[in-house]
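Colleague: Sharing a structure here in structure tokens format.
The values are calculated or read from the model by the stated rules, or taken from the named source; none is laboratory data. Note that the coordinates shown come from a computational prediction; the quantities given were computed from them, not determined experimentally. A quick note on method: Cβ atoms are made from the backbone with ideal geometry, for glycine too, and the neighbour counts reach across all protein chains shown. Each accessible area value is taken on the protein alone, full model and side chains, heavy atoms only, with ligands, DNA and RNA left out. Shrake-Rupley method; radii C 1.70, N 1.55, O 1.52, S 1.80 Å.
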Amino acid sequence: QVQVVESGGGLVQAGGSLRLSCAASGSIMGIKTMGWYRQAPGKQRELVARVSSGGGTDYADSVKGRFTNSRDSAKNRVYLQMNSLKPEDTAVYYCNAAVRSWGSLEYRDYWGQGTQVTVSS
């Protein structure tokens, strides 16, 4: 009943920018947090940025000062503005949302399908 869909990935030169977008939809009672994870080839999935319902923001050390995560709670959307991109940012980026659906007693994690970000030298 709940879907999470992200978009906005692509191929850019080092130093360029991309803006990712994620929307949660369906039978949603509330969302506790929304954020972004990424997985590079041969590596574990890692946290990139996350904004809670209270407005607190967590960033990976590797992206601080370059990436900005923002949440539009009224529209159940989150955006990731990525500036000064580096080749090491190349990965599949996944949107994550902790959602309480109507009929559920607890929050559950939902994941988007992933969007590829490739940064060339």
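Colleague: Report the FRET efficiency, 1/(1 + (r/R0)^6), for Arg108 and Lys86, where r is their Cβ-Cβ distance and R0 is 25 Å, rounded to 0.05.
Modeller: Efficiency, rounded to the nearest 0.05: 0.15.
Colleague: On to the next question. To the nearest 20 Debye, how big is the dipole of region 53-105 about its Cα centre, given +1 on the beta carbon of each Lys and Arg and -1 on that of each Asp and Glu? Present the calculation step by step, with values, prior to reporting the outcome.
Modeller: Details: 7 positive and 5 negative charges, 44 e Å.
Taking the Cα centre of region 53-105 as origin, the dipole is about 220 debye.
Colleague: Name the residue from Ser120, Met34, Ala14 whose Cα lies farthest towards the positive end of the charge dipole of the chain, charges +1 on Cβ of Lys and Arg and -1 on Cβ of Asp and Glu.
Modeller: Met34
Colleague: For the chain, give the percent of accessible area contributed by carbon and sulfur heavy atoms, probe 1.4 Å, rounded to a whole number.
Modeller: The C+S portion of the solvent-accessible surface of the chain is 46 percent.
Colleague: Let me ask something else. Before I look further, what does the chain give for accessible area per residue, probe 1.4 Å, in whole square angstrom? List each step's numbers first, then the result.
Modeller: Numbers: 6430 Å² over 121 residues.
Computed with neighbouring chains in place, this is 53 Å² per residue.
Colleague: Once R0 is set to 30 Å, what does the formula 1/(1 + (r/R0)^6) return for the Cβ-Cβ distance between Thr118 and Lys64, expressed as a FRET efficiency to the nearest 0.05?
Modeller: E(calc), rounded to 0.05, equals 0.85.
Colleague: When you count, for each residue, the other Cβ atoms within 10 Å and take the mean per peptide, how do 5-12, 90-97, 74-81, 61-68 rank with the highest first?
Modeller: Averaged packing, sorted descending, gives the order 90-97, 74-81, 5-12, 61-68.
Colleague: If you place +1 on the Cβ of every Lys and Arg and -1 on the Cβ of every Asp and Glu, how big does the dipole about the Cα centre of the chain come out, in debye to the nearest 20?
Modeller: In total the dipole reaches around 140 debye.
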